1. In degrees from 0 to 90, rounded to the nearest 10, what is the angle of the helix 3-14 Cα long axis to the longest principal axis of the chain?
2. For helix 230-262, report the angle its Cα long axis makes with the longest principal axis of the Cα atoms of the chain; keep it between 0 and 90° and round to the nearest 10°.
3. How are the alpha carbon pair distances in the chain distributed across 20 Å bins from zero to the largest one, expressed in percent?
4. Return one whole number: the accessible area per residue of the chain in Å², for a 1.4 Å probe.
5. Leaving ligands and nucleic acids out of the surface, order Leu264, Leu498 by accessible area at 1.4 Å, largest first.
6. Just want the answer: with Cβ charges of +1 for Lys and Arg and -1 for Asp and Glu, which residue in Gly198, Gly289, Ala186 is farthest toward the dipole's positive end in region 179-296?
7. Is region 318-393 rounded, prolate or oblate when judged by the Cα gyration tensor, a ≥ b ≥ c being the square roots of its eigenvalues, rounded requiring a/c under 1.5 and prolate requiring a/b larger than b/c?
8. Note down the magnitude of the dipole of the chain about its Cα centre, charges +1 on Lys and Arg C-beta and -1 on Asp and Glu C-beta and zero elsewhere, to the nearest 20 debye.
Amino acid sequence: MGLLQLFLVLGIFCASSVVGFGVDPALRISVFDELTLGEGFDGVTQVQGFHSESRAFHFQGSAREVMAPVEVSKKMIQKLRGKNEFTVLATLKQEHLNSGVILSIHHSEHRFLELESSGQRSEVRLHYRTKGQQPHTEVFPYSLADDQWHKVSVAVSASHVILHIDCNRIYERVVEAPYMDIPEDASFWLGQRNAAHGFFKGVMQDVEILVMPQGYIAQCPDLNRTCPTCNDFHGLVQKIMELQDILAKTSSKLSRAEEKMNGLDGCYCERTCSVKGVVYREDEGWTDGCRNCTCTNGTVQCEAISCPPPQCPAGTAPAYVKGACCKECQPVCLFGGREMVEGDQKAVRDSSGRCLLFECRDRTMHRVVPSEPCPELNCAESEQITLNGRCCKVCRGHDFCLEGHGCVEHSDCVNLEAGDCCVCKDGFRPLRDDNAYCEDIDECAEGKHYCRENTMCVNTPGSFMCICHTGYIRIDDYSCTEHDECLSGLHNCDENALCFNMVGGHSCSCKPGYTGNGTVCKAMCDGLCQNGGTCFSPNNCVCQQGFTGKRCET
């Protein structure tokens, strides 16, 4: 039986079964219903939501206190206490760049469960306490504060956390298990951390806590499908036909490539490496700053030079020398009871107040006669500072880096009050203690990147890139999808529905004021249109001839 015939059989079989998903009311905490939101809370008003099947509320301003009454808080916390599997759900539209708390359960300064969205940092944060009674924050790089509707789900199962955004699995991590023995008198806040901080600004709908590990299925039922829908089935058939065509073309290309490879059997090709304009042959080595490098199979591989502490004889001391990575033993001079290495200078004043400059050369301090007088300063005397190794004063804020510095590889010179120092550039770490030489941090190898599914992390100097896998297109800097069916118009959403691109397909949700399954959306009117009138658009009836009024009642 061929693949196409097999999928036809599976299509007939799956069409005969439908899998649903329900939630036991005893496991559901509907926050809006428990707080009886809309009754007596300043700064909270009911508005049109993402859909019309439940209420939505607009949270605005910072003079609000949306906190559950004591008895209501006890009731909700009782369902959560001691549970190590739960899911926080919310549908929201957060104002651009707003940073606010979606919900928070805390006692005194201890946050037992708090979900926060930071628009300033483009992060979703889950705050909780670990079983070791330590505060913990799990950070998920993702921007919700873009003034667009999003479905958010955070599912916790012991030490396993899954974040879904718009029915896409964005992150799945193993973390320290949360401590859920929440005190009975803990406070439950919505849309803010407390009366003074963390104000969420925007619209929220369907804020719930389900005491179960896979509660995201209640928000995105398609994630629980065991059989494809008709649209899925037709898509699978189309994919099989495309794969058969690709297979045929690939086989032809492979055959031609094998013919060319056979012709190269008698050739010898040496791979080389090009670094800073110099070409190195295979297995050739060289020193680059504080790294020993080798050309291996056409790729440069470098390792940091290990500098053992030098064993310096009497009369010498370890010091850095220009052009060398490790400290070397240098002759020292004794001056004023302290050691100075070759080239160091010291300024002192004699009994008459005259400044004398000395320099360490050949183990002896020699007086240095300035070739030029001190330059005239264009700053007030109170802004002039005296330096240890100079007779001439300088103005505060003087650019020491401009005079020359020893910051060499991936290191920047930074001015200080009385001198300068070296600082590694962003994305680099120091190879020695004065930061003069720095090496690139491989964020990909060390797991310090934000690349998500369908991408490959590629290290770059000082940073990294998330490259889409072949056949995928970019969603943002960190994630990719197969193709954007919403953008290309290859979807079956109603004209009055919103299309959400997903990995492997798309989903449809009716716009506010319309009801349906997304592929078919009908306008909703506040009350039935009377006398044969038709609901044409939200709260807009088209009356038959001879009738008028908002509901055709006249």
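1. 60 degrees
2. That works out to roughly 40 degrees.
3. All Cα pairs considered, the percentages come to 14, 32, 29, 19, 5, 1.
4. Value for the chain: 57 Å² per residue.
5. Of Leu264, Leu498, the descending order of accessible area is Leu264, Leu498.
6. Of the candidates, Gly289 comes out farthest on the positive side.
7. Working: a/c = 2.45, a/b = 1.70, b/c = 1.44.
Note, shape of region 318-393 comes out prolate.
8. Charge dipole of the chain: 540 debye, to the nearest 20.
The values are calculated or read from the model by the stated rules, or taken from the named source; none is laboratory data. Note that the structure is predicted; figures quoted are calculated from it, not measured. Cβ atoms come from the backbone with ideal geometry, glycine included; neighbour counts cover every protein chain shown. When the accessible area is computed, the model is the full protein with side chains, heavy atoms only, and any ligands, DNA or RNA have been set aside. Shrake-Rupley method; radii C 1.70, N 1.55, O 1.52, S 1.80 Å.
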